[in-house]
Amino acid sequence: MRCSSYWAITTWPSNPTQEHLSLQEQRLSPHTQSLRKRFPDKSLLLMRSLLLSTCVLFLFGFWSLGACSPNASTERLEAVIADARSPEENLPEPTVAEVPPEKSGSQGPQMLVGHKLWKVVEGKEDPYDGICSKAKACDSKGLGYEFFGGEDTFEIRTGLCNCVTIRQPSLVSIRKGGTIQVRIWHFKLTAPAPGKAYLSLSFGQDKVWEGSVLIPSKSGLLAPDWKSKKAYPAGTPVFFHLHNHGENFWSIIELSAD
């Protein structure tokens with residue numbers, strides 16, 4: 001109603017007579033007459049232009065969205081329903097990169113020992129008994145578990161324990177031909193007189209590795225590896241022996257088998 005009122009206000013002749021104006025005023029509704037008095041003629045012409053522009057823009061936008069086209073709306077709805085009903089067999093097959101690779105049978109190296117499980121052995125239970133001099137001394141404070149360099153280790157401080165054999169049962173089995181990997185770190189080695197540090201590893205009654213390091217010596221890492229000559233079941237006693245004169249620090253880092 002208001003739009004028609006605005007239109008009625010502005011549809012006068014270009015050169016109306018006084019009689020025509022009076023007749024038009026009488027035909028106008030009270031609401032339109034009040035608007036006529038509030039706004040001059042130019043303002044009403046401007047309002048008409050704005051109203052027409054707004055209506056045109058609204059209709060154009062409504063048409064561009066497809067709301068004015070029943071066929072377009074129907075096509076969109078049919079497409080959505082078709083997608084929802086698409087069977088799985090119509091989906092594309094996954095590429096090779098999307099298929100997870102199968103796990104191989106090899107699990108890689110596994111730790112043979114736990115560094116919190118080592119126990120000191122002596123006497124007849126020690127396969128290295130008698131190898132050290134009479135100056136042998138081992139304080140329990142000189143060895144134990146240590147978290148070092150981001151890894152679990154077993155530390156031996158030869159200033160408090162200069163000759164020791166430790167033991168524990170193997171956590172996993174060792175296959176014949178499997179690779180045994182050892183990593184042992186030592187800090188700078190010093191002693192009142194030159195000498196050698198001796199290290200050895202045994203599985204059961206079999207001595208499988210031994211080595212020595214000159215003293216004095218810079219800090220370094222011992223990392224021997226070899227192929228096992230025979231198989232050993234899980235639970236086989238693992239012995240590690242070290243003797244060294246001087247106040248030095250040793251850390252067993254890894255003892256593993258693949």
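Odds and ends about this structure:
- Hey, residue 236 at pLDDT 95 or above, under 23 Å from residue 126 (Cβ atoms) and surrounded by fewer than 20 Cβ atoms within 10 Å (Cβ to Cβ) or not: yes
- Filter result (hydroxyl-bearing (Ser, Thr, Tyr) and not in a loop (DSSP other than H, G, I, E, B)) within segment 152-161: 153
- When 221, 189 are screened for being assigned by TED's automatic domain parsing to the domain that holds residue 123, closer than 18 Å to residue 249 by Cα and surrounded by 17 or more Cβ atoms within 10 Å (Cβ to Cβ), only 189 passes.
- Checking each residue in segment 119-151 for being within 15 Å of residue 166 (Cβ to Cβ) and assigned to a strand (DSSP E or B) picks out 119, 120, 138, 143, 144, 145, 146.
- Number of the exception - residue 171 against (1) of a type outside the set (Asp, Glu); (2) in contact (Cβ under 8 Å) with a residue 12 or more places away in the chain; (3) in a strand (DSSP E or B): (3)
- Segment 174-196, residues that are under 35 Å from the mean Cα position of the chain (by Cα) and outside any loop (DSSP other than H, G, I, E, B): 174, 179, 180, 181, 182, 183, 184, 185, 186
Every residue, every condition in (1) closer than 30 Å to residue 233 by Cβ; (2) at pLDDT 95 or above, yes or no:
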| residue | (1), (2) |
| --- | --- |
| 169 | yes, yes |
| 195 | no, no |
| 199 | yes, yes |
| 206 | yes, yes |
| 213 | no, yes |
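The values are calculated or read from the model by the stated rules, or taken from the named source; none is laboratory data. Remember, predicted model here, so these are calculated numbers, not experimental data. So basically every Cβ, Gly included, is an ideal-geometry build from the backbone, and we count neighbours across all protein chains shown.
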